[in-house]
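Below is one structure, written out as C-alpha cells; the observations come after it.
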Amino acid sequence: MRTVTGSTDHVVVVGAGLAGLATALHLAGRGRAVTVIEREHVPGGRAGRLDIGGYRLDTGPSVLTMPGIVADTLAAVGEDIEARLDLQPVVPAYRACFADGSALDVHSDRDAMEHSIAEFAGPGEVAGYRKLRDWLSALYHVEFDRFIAANFDSPLSLVTPALARLIALGGFRRLDRAIGGFLTDARLRRVFTFQSLYAGVSPQRALALYAVIAYMDTIGGVYFPRGGMRALPTALAAAATDAGVQFHYSEAVTALERRGTRISAVHTDKQKRITCDAVVLATELHTAYQLLHRSPRRPVRARPAPSAVVAHIGVPAGATTAHHTLLFGDAWEQTFDELINQGVPMSDPSLLVTRPTATDSTLAPPGHDLFSVLAPVPNLDRGAHLKWERRAPGYGAELAEVVERRLMPGFAARAEIVHLDSPEDWARRGMLAGTPFSLAHTFSQTGPFRPANLPRGVPNAVLAGCGTVPGVGVPTALLSGRLAADRITGAAAGRDHGAPIADISGVRP
Ligand SMILES: Cc1cc2nc3c(=O)[nH]c(=O)nc-3n(C[C@H](O)[C@H](O)[C@H](O)COP(=O)(O)OP(=O)(O)OC[C@H]3O[C@@H](n4cnc5c(N)ncnc54)[C@H](O)[C@@H]3O)c2cc1C
C-alpha cells in the first residue's frame with residue numbers, strides 16, 4: 001500500500017464530518033498530533049443537527065448500521081463504545097408498507113424474520129430467505145476486508161483470490177436477478193433490493209455485489225443512539241478531544257501553503273496559519289480538489305447520486321408507527337427511471353418515514369412526536385429545472401398527504417413542517433449537484449475506480465469522506481477515516497485483515 005512520504009508528526013484534518021472525526025481518532029491512537037479544522041460550530045457535517053421549537057432534529061442520516069465500525073473507531077483511542085454511546089437496537093429494523101396495503105416487519109434476527117416472512121408471504125418463501133441470508137453473509141465476508149475496508153493502489157489490486165470468490169458468489173450478476181434467484185414474492189424482493197437506491201443505481205442495473213448494503217441493515221441490524229443521531233459525532237469528537245486532538249470550530253480552511261510539492265501549512269478564514277507535516281482533506285471531494293488546485297483524472301464525467309427532500313414534521317403525540325417505515329409506491333421500477341434518467345419527482349412516491357421519538361421521546365417537546373420523511377428526488381444535474389426554492393413547501397405538504405393516505409390517517413391535518421431540506425439547500429452547503437449522497441456507486445465509481453484517497457503529485461495529502469473510498473454512508477465514512485489514517489501511517493499493526501470467508505459452496509442465487 002502506498003503512503004504519504006516524509007514526516008507525519010502533526011497532521012491537520014480539514015472537516016469534522018464522520019470521516020474527519022474517524023481520521024482524527026485513528027491518527028491520535030497511532031501517536032500523531034492532530035488538529036481538526038471545521039467550518040461549522042459543531043462536529044458531524046452531514047450528520048447534522050437543528051434545534052427548533054423544542055424539536056431536536058437530525059438533518060442527516062437516520063439509519064445507523066454496523067455499530068461494530070463505530071466501536072472500532074472509538075477503540076482506536078482505547079475507548080469503549082458503551083461508555084460513549086447508548087445505542088438502542090431498532091426492532092423491527094424497518095416496517096415495509098406496500099401499495100396493496102400489506103406490511104412486513106423486517107427483523108435482523110433470523111427466527112423473527114423467518115416468522116415475519118411466513119406470515120407475510122407463506123412458508124414457501126422462508127426457505128429462500130434462509131439461503132438468501134447465507135448468501136448475503138458470504139458476500140459480506142468476502143467483500144468487507146478486501147473490497148470495502150481496503151485501500152487500492154490500482155485496479156490491479158482487485159485481482160486477488162477474493163475476486164474469484166466474489167465472481168463464484170454471483171457478485172457480478174444484476175442485483176434484481178440475484179435476489180430473484182432466492183425469493184419469488186416481488187414485495188419481498190424489494191425489501192432486499194431497495195438499498196441500491198442509496199447507491200444511486202436501480203436494482204435492474206446494480207451489480208449483485210451491492211447486496212452487501214442489504215446485509216448491513218437486514219442482517220447486521222439497525223440502531224439508534226439515545227439523544228439522536230447527533231450523539232454519534234458528539235461522542236467521536238469528545239473521545240478525540242480526550243485523546244488530545246485539537247479542534248478549531250467555526251473556522252474554514254481557505255488555502256493550503258506549499259513548500260515545493262508538499263503542503264506545509266493551512267490558512268483559515270480567521271487569518272490563522274497552522275503548520276503541518278501532512279494534511280487530510282475530509283471535505284466534499286470538489287472542495288478538496290479546489291484546495292489542492294487539482295482536478296480528478298477521470299475519462300468520463302463523475303455521476304452524482306440522486307438527491308433527497310427531507311421534511312421534519314412535528315405532530316401531537318400518539319403515533320404508533322415503527323421507528324423506520326418504508327412506504328413503497330406501486331410504480332417501483334418507474335421510480336428509478338424518473339429519478340435517475342428523466343429528472344422528475346417520483347410520480348408514485350416511495351418514502352422513508354422515520355419516527356425517532358419511537359425510540360427517544362425526548363427528541364420532541366412534551367406531548368409531541370417527531371417524524372422525518374425522506375423522499376428521493378433528482379439531483380440538480382438532472383433536475384435543475386425543478387426550482388426547489390419555490391416548490392419545496394408544497395412538496396413537503398404533498399409528502400405529509402402521502403403519509404396520511406398510506407400510513408397514518410389524520411397525519412397531514414396535524415402536521416407542522418418544522419424544517420425542510422431540498423437539493424438547493426444541499427447545494428448551498430457545497431454538495432455536488434445538490435445531493436447529500438455524493439457520487440453514485442456505479443461500478444465505475446466504486447472501489448479502485450472511485451476517486452482515490454491518495455491524490456497524485458502532492459506527497460503529504462490524503463483525502464477522506466464519502467466522495468472517495470469506500471463511499472457514501474455512516475459506516476463507510478468512518479471506514480474512509482481509517483483508510484486515510486492508513487495512508488498516513490501505514491496499516492495499523494495488529495489489525496485483523498482476515499474476517500473469515502464463509503464456505504461459499506451452495507450459496508449462489
Ligand atoms: C439527509 C441525509 C440522509 C442520510 N441517510 C443516511 C442513512 O440513513 N444511513 C447512512 O449510513 N448514511 C446516510 N447518509 C449519508 C451519510 O450521512 C454521509 O455519507 C456521511 O455523513 C458523510 O460524511 P463525510 O465525513 O464524508 O462528509 P461531511 O459530513 O460532509 O463532512 C465534511 C465536513 O467538512 C467540513 N468542511 C467543508 N469544507 C471545509 C473547509 N473549507 N474548512 C473546514 N471545514 C470544511 C464540512 O462542514 C463538514 O463538516 C445521509 C445523509 C444525508 C444528508
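Looking at the range 74-176, the helices (runs of 4 or more DSSP H) lying wholly inside it that each contain 3 or more residues that are under 29 Å from L21 (Cα atoms) and not acidic (D, E) sit at 81-84, 124-143.
Residue check: L292 meets all listed conditions (1) within 11 Å of the ligand (Cβ to nearest atom); (2) not assigned by the TED database to the domain that holds F120; (3) not small (G, A, S) but one, namely (1).
Rundown of residues vs (1) in a helix (DSSP H, G or I); (2) modelled with pLDDT under 95; (3) among the hydroxyl-bearing types (S, T, Y); (4) not assigned by the TED database to the domain that holds A252, yes/no style:
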{"position": "H385", "(1), (2), (3), (4)": "yes, yes, no, yes"}
{"position": "G396", "(1), (2), (3), (4)": "yes, no, no, yes"}
{"position": "A400", "(1), (2), (3), (4)": "yes, no, no, yes"}
{"position": "A412", "(1), (2), (3), (4)": "yes, no, no, yes"}
{"position": "D425", "(1), (2), (3), (4)": "yes, no, no, yes"}
{"position": "P448", "(1), (2), (3), (4)": "yes, yes, no, no"}
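Considering (1) within 13 Å of the ligand (Cβ to nearest atom); (2) touching a Lys or Arg at 6+ places or on another chain (Cβ under 8 Å); (3) without any contact (Cβ under 8 Å) to a residue 24 or more places away in the chain, the lone condition that S264 does not fulfil carries the number (1).
List the pairs whose first member sits in the range 269-285 and is over 24 Å from P436 (Cβ atoms), whose second member is aromatic (F, W, Y) and more than 14 Å from the ligand (Cβ to nearest atom), and whose Cβ atoms are under 6 Å apart, counting only residues at least 6 apart or on separate chains? Once the first residue is over 24 Å from P436 (Cβ atoms) and sits in the range 269-285, no partner that is aromatic (F, W, Y) and more than 14 Å from the ligand (Cβ to nearest atom) comes close enough. For G31, the requirement of being among the small types (G, A, S) and under 22 Å from A265 (Cα atoms) is met.
Of the residues screened, T8 is one that is away from the ligand (no atom under 11 Å from the Cβ), of a type in the set (S, T, Y), under 21 Å from H267 (Cβ atoms) and over 24 Å from the mean Cα position of the chain (by Cα). Being crowded, with 18+ Cβ neighbours inside 10 Å and within 11 Å of the ligand (Cβ to nearest atom) holds for only one residue in V222, V245, and it is V222.
Residues are listed down the side, and each one gets a yes or a no for (1) more than 18 Å from V14 (Cβ to Cβ); (2) out of contact with any strand residue (DSSP E or B) (no Cβ under 8 Å at 6 or more places or on another chain):
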| site | (1), (2) |
| --- | --- |
| R456 | yes, yes |
| P459 | no, no |
| P470 | yes, yes |
| T476 | yes, yes |
| R482 | no, yes |
| G490 | yes, yes |
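Is it true that some residue in the range 40-47 is assigned by the TED database to the domain that holds D269, away from the ligand (no atom under 12 Å from the Cβ) and crowded, with 20+ Cβ neighbours inside 10 Å? No, there is no match, as no residue in the range 40-47 is assigned by the TED database to the domain that holds D269, away from the ligand (no atom under 12 Å from the Cβ) and crowded, with 20+ Cβ neighbours inside 10 Å. Checking every residue in the range 266-281 against the condition of being under 23 Å from the mean Cα position of the chain (by Cα) and modelled with pLDDT of 95 or more gives at least one match.
The values are calculated or read from the model by the stated rules, or taken from the named source; none is laboratory data. None of these values were measured; they are calculated from a predicted model. Positions of Cβ are backbone-derived with ideal geometry, glycine not excepted, and every protein chain shown enters the neighbour counts.
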